[in-house]
Every structure is written in structure tokens, then in C-alpha cells.
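Accompanying notes for the structure given below.
The values are calculated or read from the model by the stated rules, or taken from the named source; none is laboratory data. Source: prediction; values computed, not measured. Ideal geometry is used to build each Cβ from the backbone, glycine not excepted, and the neighbour counts take in all protein chains shown.
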Amino acid sequence: MEDRGDGALRITLAVAGFTPAQLSVSVEDRQLTVAGKRDGEGRTEDAFLHRGIAARGFVRSFVLADGMVVEGATLEHGLLHIDLARPEPETRIQQIPIRSGG
């Protein structure tokens, strides 16, 4: 996780070999879920002695702090960047009436 200043954060995951269509990023309540699913997952007809990039799917979950929102996700050079921000609260001035004690 990277602090980008002004309440902005970035989560970066290495997802080499995945395309945007094979990845999903979702938020439910305060839970951020990132999932990757390979095409033809579960196929056993290919016999590999070594495979440099993992062939299986994955799911990673993160609990977001109150007020954090996902601004977007970018896939570049095998890295998935998920940008988060904490929006500035609206500045509301509330006048409090002063009552007399007697």
C-alpha cells in the first residue's frame, strides 16, 4: 500500500499474465475484493514441467477504513493499481443557539 498524500492511497498487486477481462475489482460495504480468473481454469490436459507465471486464479480482500472510496483501477505492465481516496468532509457550519439560564 502506498500513501499518495492528501488522504489518497494506492494498492498495487502483481498480476502478470492477466488481462483486464480476467480481473474484477468490487466493493461491497467496506470490503474491497480483487479476483483473477484464468481462461480454461481447471484444464488438466496440458502437462507442464515448469510454468513461470502462476496459472491459477486468485482472490484478495481488503477491509476499507470508514469513508474510503475506490476512485479507479489501472492495469499496466503486469501491475494492477487500485486508487483509494478519503474525500474531504463537507464543511458545514452549524449555529448553536445560546439559551439564557434564567
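Scanning the stretch 63-91 for residues that are assigned to a loop (DSSP other than H, G, I, E, B) and modelled with pLDDT of 75 or more yields 64, 65, 66, 67, 68, 77, 78, 86, 87. Restricting 60, 99, 56 to residues that are at pLDDT 70 or above, basic (Lys, Arg) and touching a Ser or Thr at 6+ places or on another chain (Cβ under 8 Å) narrows the list to 60. For the stretch 30-49, the candidate set comprises residues that are more than 18 Å from residue 17 (Cα to Cα) and surrounded by 10 or more Cβ atoms within 10 Å (Cβ to Cβ); within that set, the residue that is modelled with the lowest pLDDT is 30. When both residues are 6+ apart or on different chains and their Cβ atoms are under 6 Å apart, which pairs have a first residue that lies in the stretch 1-23 and is among the polar types (S, T, N, Q), and a second that is buried (at least 18 other Cβ atoms within 10 Å of the Cβ)? Note: pairs meeting the criteria are 22/36.
Selection within the stretch 3-29: residues that are modelled with pLDDT under 85 and assigned to a strand (DSSP E or B). The member of this set that is farthest from residue 76 (Cα to Cα) is 5.
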